1. Identify, by number, the condition in (1) small (Gly, Ala, Ser); (2) more than 27 Å from residue 24 (Cβ to Cβ); (3) surrounded by fewer than 16 Cβ atoms within 10 Å (Cβ to Cβ) that residue 90 doesn't meet.
2. So, residue 101, is that one crowded, with 18+ Cβ neighbours inside 10 Å and farther than 21 Å from residue 22 by Cα or not?
3. For residue 119, state whether it is under 17 Å from the mean Cα position of the chain (by Cα) and either basic (Lys, Arg) or open to solvent by 10 Å² or more (accessible area, probe 1.4 Å) (or both).
4. Using the structure shown, decide if residue 143 is under 15 Å from residue 43 (Cβ atoms), assigned to a strand (DSSP E or B) and in contact (Cβ under 8 Å) with a residue 12 or more places away in the chain.
5. Tally up the residues in the range 49-72 that are surrounded by fewer than 13 Cβ atoms within 10 Å (Cβ to Cβ) and touching a helix residue (DSSP H, G or I) at 6+ places or on another chain (Cβ under 7 Å), please.
6. Got a number for residues in the range 82-109 being part of a strand (DSSP E or B) and either under 12 Å from residue 140 (Cα atoms) or of a type in the set (Lys, Arg) (or both)?
7. Based on this model, can you work out whether residue 112 counts as within 24 Å of residue 141 (Cβ to Cβ), surrounded by fewer than 18 Cβ atoms within 10 Å (Cβ to Cβ), hydroxyl-bearing (Ser, Thr, Tyr) and modelled with pLDDT of 95 or more?
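The values are calculated or read from the model by the stated rules, or taken from the named source; none is laboratory data. Predicted, not measured: the structure shown is a model, and the values here were computed from it. When we count neighbours, we look across all protein chains shown, and the Cβ atoms used for this are built from the backbone with ideal geometry, even at glycine. Only protein heavy atoms, including side chains, enter the accessible area calculation; ligands, DNA and RNA are left aside. Shrake-Rupley method; radii C 1.70, N 1.55, O 1.52, S 1.80 Å.
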Amino acid sequence: MIIGNTLFVFLRLPQPPESKATLGRSWLESKLRKQFPTLKYVEFLDDAYNGITQTQLNDLLQLNYFKNQKYVADKYDCDNYSFSLKGLMSNIAPNVPFGIVHVDIDNDGKHSLNIFYDFENSKFYYVEPQSNKIFLASNYKPYMVII
């Protein structure tokens, strides 16, 4: 459908991934704080989450059409990408431990990106919403996480 100069594409959303694990809020928070001991602010918005793997997340990230948005400093930048991807994930994979993280990067300032818990590897991983890259980074120091 075209409204004005904007093309709207309506997708049929996939079924949420099958989960082999239910993860509690306090259990996830203890894992997060153990992995990132200097973390200052954590907010889990639900009491329980369904486990997800990197493979399942990679499949869902193929729907991240926000990564194609043009980067515009202070208008559509890292925080907009991370919030957009969190919103998408909340719709296509509700109740998975996927959220937003703000980090200090050694010698490079602050950044906003996404974070998720991979229950097969028992670790939290960063997700760069501008590229769909899933990674760990020792030079990223998270100070705020909302899942």
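1. (2)
2. Working: crowded, with 18+ Cβ neighbours inside 10 Å: yes; farther than 21 Å from residue 22 by Cα: yes.
Spelling it out, residue 101 is indeed crowded, with 18+ Cβ neighbours inside 10 Å and farther than 21 Å from residue 22 by Cα.
3. The answer is yes for residue 119.
4. yes
5. Number of matching residues: 0.
6. Within the range 82-109, residues that are part of a strand (DSSP E or B) and either under 12 Å from residue 140 (Cα atoms) or of a type in the set (Lys, Arg) (or both) number 6.
7. The answer is yes for residue 112.
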